[in-house]
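Contents: one structure, followed by commentary.
The values are calculated or read from the model by the stated rules, or taken from the named source; none is laboratory data. Computed from a predicted structure; not experimentally measured. Cβ coordinates were reconstructed from backbone atoms using ideal geometry, including for glycine residues, and neighbour counts include every protein chain displayed. Side chains included, ligands, DNA and RNA excluded: accessible areas come from the protein's heavy atoms. Shrake-Rupley method; radii C 1.70, N 1.55, O 1.52, S 1.80 Å.
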Amino acid sequence: MKVGIDLGTTYSTVAKYDKQTSKTEVIPNIFGKELTPSVICFLENGEIMIGEDAKDMQAGGAGIIAASFKRGMGDTGFNVEAYGKTYSAEQLSGMLLKQLITDAENQTGEKIDSAVITVPAYFNDFQRTATIRAGESCGIKVLKIVNEPTAAAISYGYNHSTDKTVMVYDLGGGTFDVTIVKISGGNITVVGTDGNHLLGGKDWDAVITKYVCEKFEEEFGVDPREDESTKNELIVAAENYKKVLSKADNVAIQVKYAGNSGKYTLTREEFDVKTQQLLNATRDVIINLMDELQIAWSDIDEVLLVGGSTRMPQVSEFLKKLTGRNNVIDHADTDLAVAKGAAIVSELYCSDKHGLSEHKIVDVTAHSLGALSTSVDGKRYINEIMIKKNSNVPVSVRKPFKIAEGNMTDKIEVYTLQGEGKNPLDCYVLAKVVISGFCNIGDGAIIDIEYTYDENGVVQVNAYQDGEMLDVEADPVPEDISWMGEAPGARPSDVPIARNIVICVDLSRSMKVSIEEVKDSIRDFVSSVSNDTTKIGLVGFGDKIKIIRDLTEDSNMIVTALDELKVNMLGRGTDASPLGTALSMLNGKPGAKMILVLTDGIWGKRDNAVGEAQMCRSAGTAIVAVGFAEADTAFLRQIATVEEGAMFTTLDRLGETFSTIAMAMNTGSMGLRESTGEKARLKR
Ligand code: ADP
Ligand code: MG
């Protein structure tokens, strides 16, 4: 039997296509449920629970829980330790898949031999191949990897015969995606896709947790979050309260901690107000994509709601306002559309070995794909985009590259970059291959390099000389790629690159609620990035600016200095911009220079800040702007050096956001490691 599997971050689902009835059906798990929690629990006695049981354990606080591991797919740094064993995200996904398959086999009495598995549209080559391997590790054939929104659109298109342009609004547990799809006959053509991968249902839960804990603290003077297990229980409870609010006007909440019991009521109206800014963040992504594709609301016939979080009534209300229409929203199959779409693909789109299928899917690439190349003047490395973002796949592009005259090399290294920037260090280095077997006598030989994105979104590089295929061998990507930011010829540099980081923390009055968590996250960040060649400085700002510590290699000094940060110590407002001060601290320092700004509010004198950000940019100093609570995304974008460096997050996600930044410092994305005075990629 063939199945479709929606391997979700929080829940997973298995579906099959019945050829007799031409209908899709979801195969429930052994508890009779259509959705299986994507959770694994390891117990000390060696027992491993997967799915429903594991989720129960999560609420109870026993054992070691692996959840949301899909976020770590393809990331070698992501591991879960459990009683002396280490599991990668790929292994955990394999274990979950195995359980899903076994359950489905038990329910149907049929053996499953192959499957279509869905992944988020933004998954890159690593994450897709990791998913394929996870599937193969349970002994099935992975017929195809399909993007989740595309699968949802397929399921919808299969049930609606008229031609339409559909927007898929997918708000899951941890991510948000928007995809625009044209449905015509049996064909599905994806026009474009974008998303925010730090935004999802969890952030709505966090608003409730915060509200409840603040109420409790007001009443009893203690914050229940100070106890780790109470905090975890509250996080699980908050999700349930949120679900109640999707049906009822209000929810009664009870919290017991430290001998006290607090009772509160949260109305849906209050909840909607408190979470409005999260919805607004989804709007920013949508508008951005529509601008990019030059699509207007009048072009969209239907908005398809996918993902558990679209069950919140606020989502349809918000989309009605945004589209200006009442009748464009379809939420018929919110949770199951992805799995059903995958099931349809497993039968109708994969059975076709001889081109007999009448159905065709044309998907798109979520990221641009390029080759490391040198600029025309030979002065710097650039990302030569081969396949543009939102191109239809499968696709192959071939471009000629000339070996410099006088260069007699018999090998060429090709680096594959993923990203939109011209500067290679703003991109993610996907792979390296070495091409050999060509003829070169130093007369400027021309090699054709071909990039292919196959229909699973997996990348392949081929090379040709005069139409003859050359040898292409994969090589590991070197750890230090900072030379891509230097003039060609300067590499290889084995010396670790010096880094200078100034962290600027908002200390205005609104930070009162979050300052301790902010300090904790900064402490973690400082310890994780500190090394012999990294210098860190600390600046506080409000209505005034204060250098708390000048740049130092001693990370302990910064960790201790964080204690000095007090809300209101520099005034109650945010009239001062710290960027100029930070820039003067960094001026003349060798190596990469970056400023990390943390703020939760709107600044008094934005024009000053934008002007100072401009100065930083021309001085080759990168700015990453992290905002939460009342902070304004548009402003963050104005001051950040590159778009990805403007990060709107929530308090509970701060730790995660900092890890992303630490990772970017190593890979050189987000405009970090900018060590020359060269202008970073221009912003839209
Ligand atoms: P993913 O694809 O990321 O695994 P899902 O699409 O399964 O996520 O959505 C899970 C999210 O949906 C969770 O945050 C969950 O709390 C939320 N959710 C599920 N049902 C409801 C509901 N009735 N009301 C509000 N949120 C819900
Ligand atoms: Mg999903």
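So the values come out like this:
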{"read-out": "Residue-span extension gain [T76 to E47] - 0.36 nm each, minus C-alpha spacing", "value": "7.9 nm"}
{"read-out": "Two-site FRET efficiency, K23 against E564, from Cβ-Cβ distance with R₀ of 60 Å, rounded to 0.05", "value": "0.35"}
{"read-out": "Cross-link table K243/K274; K19/K111; K202/K388, entries beyond 22 Å C-alpha to C-alpha", "value": "K202/K388"}
{"read-out": "Distance violations [Cα-Cα > 19 Å] among K2/K182; K544/K605; K55/K247", "value": "K2/K182; K55/K247"}
{"read-out": "Computed label-point distance, nm, for sites V513 and K320 using a 7 Å Cα→Cβ extension", "value": "2.8"}
{"read-out": "Anchor K411: lysines whose Cα lies under 25 Å away (excluding residues fewer than 8 positions away in-chain)", "value": "K379, K399, K402, K422, K432"}
{"read-out": "Rough spin-label spacing in nm, given labels placed 7 Å along Cα→Cβ, for N288 and D475", "value": "3.5"}
{"read-out": "Burial ranking of peptide ranges 271-277, 20-26, 195-201 (average Cβ count within 10 Å, highest at the top)", "value": "195-201, 271-277, 20-26"}
{"read-out": "Within-15-Å neighbourhood charge of F220 [Cβ basis; K, R +1; D, E -1]", "value": "-3"}
{"read-out": "Mean Cβ count within 10 Å, highest first, over the residues of peptides 451-458, 641-648", "value": "641-648, 451-458"}
{"read-out": "Where labels lie 7 Å past Cα in the beta-carbon direction, separation of D454 and D377 in nm", "value": "4.2"}
{"read-out": "Net charge of neighbours whose Cβ lies under 14 Å from the Cβ of G173, counting Lys and Arg as +1 and Asp and Glu as -1", "value": "-2"}
{"read-out": "Total charge dipole magnitude, the range 458-585, about the Cα centre, Cβ charges on Lys, Arg, Asp, Glu only, Debye to nearest 20", "value": "1220"}
{"read-out": "The chain: antiparallel DSSP beta bridges as a percent of all, rounded to 5", "value": "65"}
{"read-out": "Cα lying deepest toward the dipole's positive end in the range 128-241, options G172, T193, V236, charges on Cβ", "value": "T193"}
{"read-out": "Debye, to nearest 20: dipole size of the chain, +1 on Lys, Arg Cβ, -1 on Asp, Glu Cβ", "value": "1100"}
{"read-out": "Ordering of 462-475, 49-62, 125-138 by packing [mean C-beta count within 10 Å, highest first]", "value": "125-138, 49-62, 462-475"}
{"read-out": "Rounded to whole Hz, the Karplus (6.51, -1.76, 1.60) HN-Hα couplings of the range 74-86, x for glycine and proline", "value": "x, 9, 5, x, 8, 9, 10, 9, 9, 6, x, 10, 10"}
{"read-out": "Charge dipole of the range 439-542 about the Cα centre (unit charges at C-beta), most positive-ward option of A487, I503, S528", "value": "I503"}
{"read-out": "Value of [θ]222 nm, deg cm²/dmol, for the chain, DSSP H segments ≥ 4, -39500 (n - 2.57) each, nearest 500", "value": "-9500 deg cm²/dmol"}
{"read-out": "Isotropically averaged projected area of the chain, using the convex hull of Cα atoms (one quarter of hull area), nm²", "value": "31.9"}
{"read-out": "Entries of K141/K340; K70/K389; K210/K340; K141/K389; K85/K242 with Cα pairs more than 25 Å apart", "value": "K210/K340; K141/K389; K85/K242"}
{"read-out": "Only Lys, Arg (+1) and Asp, Glu (-1) charged, at Cβ; the range 369-477 dipole about Cα centre in debye", "value": "480"}
{"read-out": "Accessible carbon and sulfur surface of the chain relative to its total accessible area, %, 1.4 Å", "value": "48"}
{"read-out": "Zero-based 10 Å bins, Cα pair distances in the range 122-245, whole percents", "value": "11, 26, 25, 23, 11, 4, 0"}
{"read-out": "Cα shape, the range 407-471, gyration tensor, a/c 1.5 rule", "value": "oblate"}
